[in-house]
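The numbers here are math on the coordinates, done by the rules we state, and not lab data. No experiment lies behind these values; they were computed from the predicted model shown. We place every Cβ from the backbone using ideal geometry, glycine too, and count neighbours over all the protein chains shown.
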Amino acid sequence: MTTEESTRTEAQSRVFLQPIAAPSILGLYGLAGATFMVAAQMAHWFGSSHTTLLLVPFAAIFGGLTQLLAGMWAYKARDGVATAVHGMWGAFWMAFGILALILSSGRAPQPTGSLFPELGYWFIVLAAITWVCSGAATAQNKSLVTTLVFLAAGSTIAALALLIGVEGLLILSGYLFIICAIAAWYTASALMLNEAFGREVWSLGRSAQSRQMPPVTVGIGEPGVIHGQA
């Protein structure tokens, strides 16, 4: 191909934009709903011996499948933080549902009181990943950082509570998760309102780096796809 033909080919190139809604609108609402309901039970706001099993279908679908889908769409939006958070927590809520069904069917022994080290170690994993995600979120906005900090703190306390079997710590983790759910609801609502009105209606506390980012980046990843969500 000659230089002239190459120049002509480049001049005729087209970029087809593929705008998508912010996946974290869906993902954070799913996180907020499932986390609030289970956390309220942990904090002893409501519940009986059958409550966990009754919550399972909603937690697994509302918090699990919804977040898993949001995580995959966040991958397309090239938002690594949202991909990790929604993918990881979506998978956890689906696994939580399966675990509750296994326990209720009698195929595994019921935990003794608050002592449940098998689940406690999983909360260690969740806490470790979520703390890193909260650090990475500082490059995006303060609202998401708040959500993830309380999510990570709740996971840390829940891990400790389940490993040593202290009911008081489990209740404390429930309250931390409730605050996380409220922050997640606010963040999702802000993303939705700001997108719907085309301006900042509710502040997200965007970082300087996020404000300086160009709206569409061509040549990095999939052309024409916006990097990030805010």
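Okay, here's what the table says:
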| item | result |
| --- | --- |
| Area projected by the alpha carbon convex hull of segment 72-115, averaged over all directions, nm² | 4.0 nm² |
| Cut-off under 5 Å, modelled amide H: who pairs with ARG206 long-range | LYS142 |
| Packing-based exposure ordering (other Cβ within 10 Å, fewest first) of ILE164, ILE129 | ILE164, ILE129 |
| Cα-based radius of gyration of segment 66-186 once divided by 2.2 N^0.38 Å, which approximates compact folds | 1.10 |
| Solution diffusion estimate, µm²/s, Stokes-Einstein, segment 41-100, Kirkwood Rh from C-alpha pairs, 37 °C, viscosity 0.692 mPa s | 272 µm²/s |
| For q = 0.21, 0.27 Å⁻¹, Debye-computed log10 I/I(0) when each Cα of segment 131-201 counts as one equal scatterer | -0.84, -1.07 |
